[in-house]
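In what follows, a single structure is set out as structure tokens and then discussed.
Quick note: the coordinates plus some simple rules give every number you see, no bench work behind them. Remember, it's a predicted structure, so these values are computed and weren't measured experimentally. Positions of Cβ are generated from backbone atoms using ideal geometry, with glycine treated the same way; all protein chains shown enter the neighbour counts.
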Amino acid sequence: MRSASPTRYHIVPIDARQHLFEVRCEVDDPDPSGQRFHLPVWIPGSYLVREFARHVVEITARCGERAISIDKQSKSSWRAAPCTGPLAVTATIYAYDLSVRGAYLDETRAYFNGAAVFVCPEGRERSPCEVDIVRPSEGSHWRVATTLEQVDAPRFGFGRYRADDYDALIDHPVEMASFSHVAFDAGGVPHDVTVTGRHDADLERLARDLERICQWQADLFGGTPSSRAPFARYLFQVTAVGEGYGGLEHRSSTSLLCSRNDLPSRDMPAMADDYRTLLALASHEYFHSWHIKRIKPAAFVPYDLAREAYTRQLWAFEGFTSYYDDLALVRSGVLDVAGYLELAGRTITSVLRTPGRHRQSLAQSSFDAWIKFYRPDENTPNAVVSYYAKGAVVALALDLTLRLRGSSLDALMRLLWERYGRTGIGVPEDAIPKLANECAQRDLSSFFARYVEGTDDPPLAELLREAGVVMSLRPAEGTRDRGGRAGQAPADRPSPASLAIKLATGEAKILHTFRDGAAARAGLAAGDVIVAVDGLRATPDAVERTIARRRAGERVTVHAFRRDELVAFDVTLDAAPSDTCFLTLDANAPTAAIELRRSWLGSA
């Protein structure tokens with residue numbers, strides 16, 4: 001560390017139509033041998049090398065009033081010529097990524113994560129940072145939403161902000177737009193919700209529901225009602241679009257992308273499915289305020305954003321969070337028990353429909369996130385398991401296992417918070433099984449060996465039965481059937497047939513053929529476009545209806561284009577698998593099961 005003087009940044013949207021930011025970084029005391037700068041190649045919370053430097057259009061340097069050279073040293077680093085006076089490096093950044101991970105600019109809004117726009121002067125990573133956020137000429141009516149600390153900027157205003165160091169600087173995304181706003185208090189601190197994009201949402205209802213969810217999570221980690229959250233204020237940055245979904249956590253905020261229909265309407269009488277999806281997303285990212293932003297794998301302490309950071313624990317950090325995002329809805333009283341059981345059934349269904357769970361363990365999935373999970377292809381369902389979805393299923397199994405032994409996953413989370421979150425010590429790779437043993441007061445090593453390091457399915461039906469919940473399975477009733485609810489078909493109806501494929505929407509193009517299924521055995525492959533089944537023209541719906549009327553063992557002729565060649569396939573159909581889950585309360589559950597269920601779900 002050469003200096004405690006702040007690194008100063010200046011950012012302005014200079015061309016909304018061509019999606020360009022101008023970002024200047026000023027260093028008073030640069031390395032006299034030639035100051036190096038770099039951009040991160042990935043952003044915490046999203047485990048893929050994203051190469052933010054590819055969006056740098058131009059970069060220049062000045063020493064005082066004099067232009068000096070700046071040369072690229074690697075894919076994401078530059079070195080300015082030796083300079084003794086104040087050094088200013090200016091980059092033009094292309095910003096048209098409508099996600100929560102990068103930077104975006106058009107005439108309606110500007111948004112950025114610091115990792116995508118702020119070059120870091122090497123050797124000054126721990127120096128304080130100041131950033132002047134400048135109003136663009138076409139954004140006279142815009143405001144600023146960020147949890148960066150204000151220096152001379154007014155609330156929601158343009159001006160100067162600060163951060164303790166570079167890691168903090170890039171952990172407070174910035175939204176500039178004419179947004180809607182609502183506020184509430186939870187965990188003893190103020191919370192803001194801003195919504196950018198056209199909408200007719202009932203923001204007061206959104207605030208009420210988020211307040212209950214946030215307070216429940218603060219209480220979970222604090223261990224007492226009205227527990228205080230681990231930040232001075234919190235911000236939900238919501239962008240509403242026609243179709244979209246995504247979220248990324250930060251230390252005191254989250255960026256959320258949702259469809260307009262996900263927002264609650266003023267005349268919505270009950271918990272709509274789309275709105276429930278948005279609340280679960282917000283709950284997920286808020287839970288990360290504790291569990292990944294402060295309780296971190298040892299591999300992330302500190303972050304090295306120049307290369308991959310490998311850990312076998314994402315199943316616990318993302319999987320536990322995926323379990324608690326839905327659980328928080330019912331435990332906070334925002335969602336009823338039936339609604340929660342529907343969500344849990346859908347999660348279980350998504351895992352059961354993934355053949356890759358038998359070939360990749362959760363630990364392997366976590367380690368290989370960098371090259372597999374975020375880079376799906378046509379074979380992904382056959383080779384990969386989601387550490388989110390199966391991680392949530394294993395979290396459910398672990399929670400019930402611990403509750404049957406007088407403890408809970410809640411207790412394990414509080415231990416993680418006290419020993420690793422409050423202290424800032426990274427969680428060792430073997431810590432979570434040890435904490436589970438401590439909570440259960442017995443050895444649970446076989447649980448982790450089978451369901452985390454191995455590829456077995458946890459015994460959910462048996463565990464749920466102990467909590468007075470019946471787990472049932474049935475075949476899917478069409479491609480839109482996500483599970484969670486009982487089927488509509490008569491119980492005595494024979495199981496429908498299956499091609500064991502997934503089709504695109506619009507045309508009958510095969511996205512996936514499931515391993516060892518009927519289509520794969522016949523030679524059909526991802527990318528083939530089905531044009532006829534038994535001589536009848538194929539659309540996605542027509543294929544589904546035709547196959548649903550057949551039975552296992554019957555044969556059909558499928559014509560498909562592979563590239564530009566028409567090929568015929570003789571397919572022997574399989575029985576549709578019973579991989580669609582729904583959960584119901586056991587009306588005859590014994591008292592002990594009902595008590596366990598109440599301790600788990602809060603009521604019922």
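What's the exposure ranking of K390, K75, K509, going from fewest to most Cβ atoms within 10 Å?
Values: K390 30, K75 13, K509 16.
Ascending Cβ contact count within 10 Å gives the list K75, K509, K390.
How high is the FRET efficiency from D164 to A298, r the C-beta distance, R0 25 Å, rounded to 0.05?
For R0 = 25 Å, the calculated efficiency reads 0.70.
For the chain, what is the Kirkwood estimate of the hydrodynamic radius, computed as the reciprocal of the mean inverse distance between distinct Cα atoms, to one decimal in Å? Numbers along the way, then the final one.
Details: mean 1/r = 0.0380 Å⁻¹.
It works out to 26.3 Å.
For K296, go through the lysines and keep the ones whose alpha-carbon is under 17 Å away, minus same-chain ones fewer than eight residues off.
Filter leaves K434.
What cysteines in the chain have no other cysteine with a beta carbon less than 4.7 Å from their beta carbon?
C25, C120, C129, C214, C258, C439, C581, each lacking another Cys Cβ under 4.7 Å.
Based only on other Cβ atoms within 10 Å, what is the fewest-to-most ordering of D368, D443?
Working: D368 19, D443 10.
Ordered by Cβ neighbours within 10 Å, fewest first: D443, D368.
Per the Kirkwood treatment, what hydrodynamic radius in Å, one decimal, follows for the stretch 7-178 from the mean inverse distance over all distinct Cα pairs? Each step should come with its number before you reach the end.
On the way: mean 1/r = 0.0622 Å⁻¹.
The answer is 16.1 Å.
Report relative contact order for the stretch 7-178 in percent, whole number only (criteria: Cα-Cα under 8 Å, sequence separation at least 6). All intermediate terms of the calculation are to be shown ahead of the outcome.
On the way: 419 pairs, mean separation 43.8, N = 172.
Over the stretch 7-178, the number comes to 25 percent.
Have a look at A532, H19, P190 and report the one farthest towards the positive end of the charge dipole of the chain, computed about the Cα centre with Cβ charges (Lys/Arg +1, Asp/Glu -1).
Positive-most Cα among the choices belongs to A532.
What nm distance separates the two modelled labels at K75 and Q18, each placed 7 Å from Cα along Cα→Cβ?
Reported label-point gap for K75 and Q18 is 2.7 nm.
Extension gain R155-R465, at 0.36 nm per residue separation less the Cα-Cα distance, in nm? Numbers along the way, then the final one.
Values: separation 310, 0.36 × 310 = 111.60 nm, distance 5.21 nm.
Additional length available on full extension: 106.4 nm.
May I ask you to list the trypsin sites (Lys or Arg not before Pro) in the stretch 1-58 that are in a DSSP loop and have at most 10 other Cβ atoms within 10 Å of their Cβ? Display every interim value, and only then the final one.
Numbers: sites: R2, R8, R17, R24, R36, R50, R54; in loops: R2, R17, R50.
Those that pass, being in a loop and sparsely packed, are R17.
What FRET efficiency do you get for S140 and R563 if R0 is 41 Å and r is their Cβ-Cβ distance, rounded to the nearest 0.05?
Values: r = 53 Å, r/R0 = 1.29.
Once the sixth-power term is evaluated, E becomes 0.20.
How would the stretch 330-481 be classified by its alpha-carbon gyration tensor: rounded, prolate or oblate, with rounded meaning a/c under 1.5 and the a/b versus b/c comparison settling the rest?
Judged from the Cα gyration tensor, the stretch 330-481 comes out oblate (a/c at least 1.5, b/c at or above a/b).
Mind jotting down the distance between the C-alpha centroids of the stretch 541-592 and the stretch 71-85, whole Å?
First find each Cα centre; the distance between them is then 58 Å.
Binning at 5 Å from 0, report for the stretch 322-402 what percent of all alpha-carbon pair distances ends up in each bin.
3, 15, 23, 22, 16, 10, 8, 2, 0
Using only Cα atoms, tell me the angle between helix 431-440 and the longest principal axis of the chain; keep it within 0 to 90° and round to the nearest 10.
Compared with the principal axis, the helix lies near 50 degrees.
Suppose every Lys and Arg Cβ carries +1 and every Asp and Glu Cβ carries -1, with no other charges. What dipole size does the chain come out with about its Cα centre, to the nearest 20 debye?
Working: 72 positive and 79 negative charges, 116 e Å.
With Lys and Arg at +1 and Asp and Glu at -1, about 560 debye.
Can you classify the stretch 497-575 as rounded, prolate or oblate using the Cα gyration tensor, where a ≥ b ≥ c are the square roots of its eigenvalues, rounded means a/c under 1.5, and otherwise it's prolate if a/b beats b/c and oblate if not? Walk me through the intermediate numbers first.
Details: a/c = 1.37, a/b = 1.23, b/c = 1.11.
It comes out rounded by the Cα gyration axes.
Quick check on the exposure proxy: order L396, L327 from fewest to most C-beta atoms within 10 angstrom. Walk me through the intermediate numbers first.
Numbers: L396 25, L327 28.
Arranged by neighbour count, lowest to highest, L396, L327 become L396, L327.
Please tell me the relative contact order of the chain in percent, rounded to the nearest whole number, where contacts are Cα pairs under 8 Å and at least six residues apart.
Details: 1320 pairs, mean separation 60.0, N = 604.
The normalised contact order for the chain reaches 10 percent.
Which lysines does K75 reach when only Cα atoms under 26 Å apart count, and residues fewer than 8 places away in its own chain are ignored?
Candidates past the 8-residue exclusion: K372.
So if I place +1 on the C-beta of Lys and Arg and -1 on the C-beta of Asp and Glu, and nothing else carries charge, what would the dipole magnitude of the stretch 377-532 be about its Cα centre? I want it in debye, nearest 20. If you can, show how the numbers build up before the last one.
Working: 19 positive and 20 negative charges, 70 e Å.
Dipole of the stretch 377-532, to the nearest 20 debye: 340 debye.
Dipole of the stretch 495-604, Cα-centred, from +1 at each Lys and Arg C-beta and -1 at each Asp and Glu C-beta, to the nearest 20 debye? Spell out each step's value before the answer.
On the way: 14 positive and 14 negative charges, 13 e Å.
Rounded to the nearest 20 debye, it is 60 debye.
State the Cα centre-to-centre distance between the stretch 211-256 and the stretch 374-406 in whole Å.
Taking the Cα centre of the stretch 374-406 as reference, the centre of the stretch 211-256 is 23 Å away.
With the dipole of the stretch 208-360 worked out from charges on the C-beta (+1 for Lys and Arg, -1 for Asp and Glu) around the Cα centre, which of A309, G345, Y245 lies farthest toward the positive end?
A309
Assuming R0 = 45 Å, can you tell me the calculated FRET efficiency for the pair D273 and S5, based on Cβ-Cβ distance, to the nearest 0.05?
Working: r = 53 Å, r/R0 = 1.18.
The pair D273/S5 has a calculated efficiency of 0.25.
Would you list which aspartates and glutamates come within 15 Å of K72, measuring only between C-alpha atoms, while excluding same-chain residues fewer than 8 positions from it?
E51, E58, E122
For the chain, what does the helix formula give at 222 nm: sum of -39500 (n - 2.57) over DSSP H segments with n ≥ 4, over the residue count, nearest 500 deg cm²/dmol? The partial results should precede the final answer.
On the way: 16 runs with 159 residues, N = 604.
About -7500 deg cm²/dmol.
Note down the relative contact order for the stretch 148-307 as a percent, whole number, built from C-alpha pairs under 8 angstrom at least six residues apart.
Values: 254 pairs, mean separation 29.4, N = 160.
Relative contact order of the stretch 148-307: 18 percent.
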